[in-house]
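What follows is calculated from the coordinates using simple rules that are stated; it is not laboratory data. Quick caveat: nothing in here was measured; it's all calculated off a predicted structure. Here the Cβ positions follow ideal geometry from the backbone for every residue, glycine too, while neighbour counts run over all protein chains shown.
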Amino acid sequence: MYKNPEWLKERLENGASVIKIAQECGVSVQTIYNYIKKFNLSKPSKRKKRVYHPSKRKKRVYQEKAWLEEMLKAHSPSEIAQICNVWPSTILRWIHRHQLPLSQPKQPLKIAISSKVREFIDGLMLAGAYFGEKSGKSGFLQIRDESLAFLNWVKGKLEEGGISCQIERKTGYFLLRTKSITELWEICSRWKGRKLPPDFHFTPTIALVWFIHKGHNEQSFWGGKTRYSRALRFWVRRFSPQDQRRLLEELKKIGIKSPALYQTSKISMIRIAPSDTLSFLKYIRECPEELEEEFGQKWKIARGF
């Protein structure tokens, strides 16, 4: 697909990033850049570096004593640094400059996480969420995506279960990060080493999150147009061959008769054939209403509409 100049030009004009195109085609980012250069296509715009004149430089919010003093009542310096997108040493420098007292280190939150939310977190971990450990057997969960709608949906689900989180805008994507919580360690440490937990099995919620975040409609390029089939693809390169085979077996347990694993030196993916697509959609149920506008097309293509 990426070797066709019309297709590549169309994807770039529609706002797809080079990383996204590379993932869709199962090749490296450098390969896509090589073909962009070969076809004399315009590269995706990059953020220009701003040059500030010392006399015109605006005062940052963290440099204000009143704001910083108020933030220290509820946040640690490292958390303030994350909110302001600066290094912790920058915040500490301004704390000392204003002679503000440092608050005591905050203890990890302890909350009761329901089985429903645990299931949802397992879905996020399967879909590529990252778990960061902190001292005292606690940790935070974070997941990145280009879709703000998806992360807002995730945020709502987590906050329903008492897990507070925030979303930050990064260059080319958004990042959701939860507070450090003791109970998250118990759930997410089961995924340590990017391995499927021994007690892992598919549920409708887990499969739904996996499909929204990692599932794709199968594409082909023919007659100068991008065409779709009803088959589904899931990228599973992050898992070991043993875990990839486990995912195949788990899919069979939920009624998928012939899931297939395709593996080369560059890609690893699980394919659900068109004959099994409706069974999979029936299992995960309909697209969440909040995501219908952005992700509902996945369901329509898979049904052959």
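Distance between the 7 Å Cα→Cβ label points at Ile111 and Ala273: 4.4 nm. Among residues other than Ser138 with Cβ under 9 Å from its Cβ, the summed charge is +1 (Lys and Arg +1, Asp and Glu -1). Taking the longest Cα principal axis of the chain as reference, the axis of helix 241-253 is set at about 70 degrees. Exposure proxy shown here: for Glu183, Glu64, the number of other Cβ atoms within 10 Å sets the order, fewest to most, as Glu64, Glu183. By other beta-carbon atoms within 10 Å, ranking Ser115, Ser229 with the fewest at the front produces Ser115, Ser229.
With R₀ fixed at 41 Å, the C-beta to C-beta distance from Glu64 to Lys195 puts the FRET efficiency at about 0.35. Each Lys and Arg Cβ is given +1 and each Asp and Glu Cβ -1; about its Cα centre, the chain then shows a dipole of about 1380 debye.
Is the shape of the stretch 201-305 best called rounded, prolate or oblate, per the rule: a/c under 1.5 gives rounded, else a/b larger than b/c gives prolate, else oblate, with a ≥ b ≥ c the square roots of the Cα gyration tensor eigenvalues? Don't skip to the answer; put the middle values down first.
Details: a/c = 1.65, a/b = 1.14, b/c = 1.45.
Because a/c hits 1.5 or more and a/b fails to exceed b/c, the stretch 201-305 counts as oblate.
Kindly identify the stretch 1-44 as rounded, prolate or oblate by the Cα gyration tensor criterion: order the square roots of the eigenvalues as a ≥ b ≥ c, call it rounded if a/c is under 1.5, otherwise compare a/b with b/c, prolate if a/b is larger, else oblate. Rounded.
Considering Cα pairs under 8 angstrom that are at least six residues apart, work out the relative contact order of the stretch 146-284 and quote it in whole percent.
Numbers: 155 pairs, mean separation 23.0, N = 139.
Contact order relative to length: 17 percent.
Arranged from fewest to most other beta-carbon atoms within 10 Å of their beta carbon, Ile91, Ile36 become Ile36, Ile91.
Based on C-alpha pairs under 8 angstrom that are at least 6 apart in sequence, the stretch 115-193 has a relative contact order of 35 percent. Of Tyr283, Ala81, Pro204, whose Cα points farthest to the positive end of the dipole of the chain (charges on the beta-carbon: +1 Lys, Arg; -1 Asp, Glu; origin at the Cα centre)? My answer, from the dipole projection, is Ala81.
Where a ≥ b ≥ c are the square roots of the eigenvalues of the C-alpha gyration tensor, would you call the chain rounded, which needs a/c under 1.5, or, failing that, prolate if a/b is larger than b/c, or oblate? Please list the in-between numbers first.
Values: a/c = 2.39, a/b = 1.36, b/c = 1.75.
It is oblate, given that a/c is not under 1.5 and a/b is not larger than b/c.
Other residues lying with their Cβ under 12 Å from the Cβ of Arg303 contribute a combined charge of +3, Lys and Arg counting +1, Asp and Glu -1. Relative to the longest principal axis of the Cα atoms of the chain, the long axis of helix 292-302 lies at roughly 20 degrees.
What is the calculated FRET efficiency for Ser78 to Lys266, with r their C-beta to C-beta distance and R₀ = 30 Å, to the nearest 0.05? That gives a FRET efficiency of 0.20.
Pick out, from Val29, Pro259, Ala273, the residue whose Cα sits farthest towards the positive end of the charge dipole of the chain, with +1 on the Cβ of Lys and Arg and -1 on the Cβ of Asp and Glu. Going by the Cα projections, it comes out as Val29.
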